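The values are calculated or read from the model by the stated rules, or taken from the named source; none is laboratory data. Treat the numbers as computed from the prediction; the structure is a model and nothing was measured. Virtual Cβ from ideal backbone geometry, glycine too; neighbours counted across all protein chains shown. Calculation scope for accessible area: heavy atoms of the full protein, side chains included, ligands and nucleic acids excluded. Shrake-Rupley method; radii C 1.70, N 1.55, O 1.52, S 1.80 Å.
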Amino acid sequence: MVMERTTSQMQPPTYGNLITILSIDGGGIRGVIPATIISFLESQLQKLDGENARIADYFDVIGGTSTGGLVTAMLTAPNKDSRPLFAAKDIIDFYLEHSPKIFPQWGGFLAPLIKIFKAITGPRYNGKYLHSLVKEKLGNTRLSQALTHVAIPTFDIKRLQPTIFSTYEAHYNPSLDALFSDITISTSAAPTYLPAHYFETMDSQGNVREFNLIDGGVAANNPALVAIGQVTKEIFRGNADFFPIKPMDYGRFLVISLGTGSPKNKEKYNAKGARKWGVLGWLLSGGSTPLVDVFTQASADMVDIHLSVLFQALHSESNYLRIQDDTLSSSTSSVDIATKGNLENLVKIGEELLKKPVSRVNLDNGLVEPVKNEGTNEEALIRFAKQLSDEKKLRDMRSPHTKGVNYT
């Protein structure tokens, strides 16, 4: 089964040399960090191909979890002109404007008591503002209308298994062709922070499927492997978009994986303190939620380690770029301290991260370390932008469905 494409979209990998993937981690307000990186990447693509170039024009799959799922929707949902709803540069302003209303802050000496009360009685935030905002922006847009393929993980607490909303799967299973708004709300429903989300879909035969979903970070806070897995399944299925690529031909992948940051030296918690925690301690300690922090960080790091091993084994390290900051303070590593000062600090962290050297996980000690002779993240993104532009032009030239695309 082959999806019909317009000339503004990526032509299938069968006409090119690479399979291009963008992955965006979860992390609440820390989504400002990858948004800053994406804005820079899109600006470089515009320098090469014109000011109307958009991220969705260059990636075969964009995967996003939680706040990364929100960014994915903003990059791929169509506007009235069938172009992306948001330019990448506008996503930062979206976070700065709306985060304080999604995560309202409690001031004064009673704030710690309010947090404890909220942790005991229900989610810290009611999600009403987020839900209305997402529904307003995404309207009746369905997953199948995305301008490129997407993969957004969630977790179904009734089935106790992940549910991945993928444009590929939606073609085979219409019950997954849900509203983009429902998917985005679901993948962002972090336990203890925002309420679980329930909705239903109905296929053409009238069959109803119910979903009882929470944050995709429970399943895959770093969705890079989810996106790669979706492509691999399509190759196994014989999707003509990927002919003659073989299922294990991972050397053809070009992957940009964007993290949302982690605490400095990952020493936010320690066993001395944690050994005294009960249920409340794991749900609330130092103004944060250790249980959520632990499983999202573990999920993200395990994927990065796996992909680092894979690309090194294939001698294709240059095709995998992971951009992650592991020097965040207790405030900037929070998912919900949406004060003006903290949000502005996150923007600065994203900008400074561009100037830092390209880093990869050391497979011996698990630490992220600078890579020699690969320059800064900014320089790497400039190189990747050239590869993405060249790949798109190659596909447009080879494809019988494209007469050439002019973005200027």
Review point. Size of the dipole of the chain about the Cα centre, Lys and Arg at +1 and Asp and Glu at -1 on the beta carbon, nothing else charged, in debye to 20?
Key: 560
Practice item. Starting from the Cα of Lys348, draw a straight line to each of the aspartates and glutamates and keep only those under 14 Å, dropping any in the same chain fewer than 8 residues away. Key: Asp93, Asp325
Review point. Helix 128-138 versus the longest principal axis of the chain: what is the Cα-based angle in degrees, 0 to 90, to the nearest 10?
Key: 10
Revision key, fill the gap. Those GluC sites (Glu not before Pro) from region 1-103 that are DSSP loop and have at most 13 other Cβ neighbours within 10 Å turn out to be Glu4, Glu51
Revision key, fill the gap. For Lys80, the aspartates and glutamates lying under 16 Å Cα to Cα, once residues fewer than eight places off in the same chain are dropped, come out as Glu136
Review point. On the first, second and third principal axes, largest extent first, how far apart are the outermost C-alpha atoms of region 1-99 in Å?
Key: 40, 27, 26
Review point. Where Lys and Arg each count +1 and Asp and Glu each count -1, what net charge lies around Tyr198 among other residues with Cβ under 11 Å from its Cβ?
Key: -3
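Please work out the Cα convex hull volume for region 84-235 and give it in Å³ per residue.
Residue-normalised Cα hull volume stands at 133 Å³.
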Practice item. Report the paramagnetic label zone for Thr121: residues of region 187-219 whose backbone N is under 20 Å from a point 7 Å from Cα along the Cα-to-Cβ axis. Key: 191-196
Point to revise | Long pairs among Lys89/Lys355; Lys356/Lys393; Lys89/Lys392; Lys89/Lys233; Lys47/Lys393, criterion Cα-Cα beyond 23 Å | key: Lys356/Lys393; Lys89/Lys233
**Study point:** Local net charge near Ser188, Cβ-Cβ under 12 Å (Lys/Arg +1, Asp/Glu -1)
**Key:** -3
Review point. Ignoring any ligand, DNA or RNA, what whole percent of the accessible area of the chain comes from carbon and sulfur when the probe is 1.4 angstrom?
Key: 56
Exercise for review: Would you please put 233-240, 386-393 in order of how densely packed they are, using the mean number of other Cβ atoms within 10 angstrom per residue and starting with the highest?
Suggested key: 386-393, 233-240
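Output the peptides 208-221, 139-152, 63-76 sorted from most to least packed, where packing is the average of other Cβ atoms within 10 Å over each peptide's residues.
Result, highest mean first: 63-76, 208-221, 139-152.
Cβ neighbours within 10 Å, averaged per peptide: list 84-95, 193-204 in order, most packed at the top.
On the way: 84-95: 19.2, 193-204: 16.0.
Per-residue mean Cβ counts within 10 Å order the peptides as 84-95, 193-204.
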Check your understanding: For the chain, what's the radius of gyration and Dmax over Cα atoms, in angstrom?
Key -> 20.5, 66
Point to revise | Accessible area per residue, Å², the chain with all protein chains present, probe 1.4 Å | key: 43
Revision key, fill the gap. Ignoring ligands and nucleic acids, Leu367 exposes an accessible area, probe 1.4 Å, in Å² to the nearest 10, of 100
Practice item. Compute from the Cα atoms of region 36-174 the Rg and the Dmax, the latter being the longest Cα-Cα distance, and quote both in angstrom. Key: 17.8, 54
Review point. In straight Cα distance, which lysines are under 26 Å from Lys272, not counting same-chain residues fewer than 8 positions off?
Key: Lys115, Lys118, Lys264
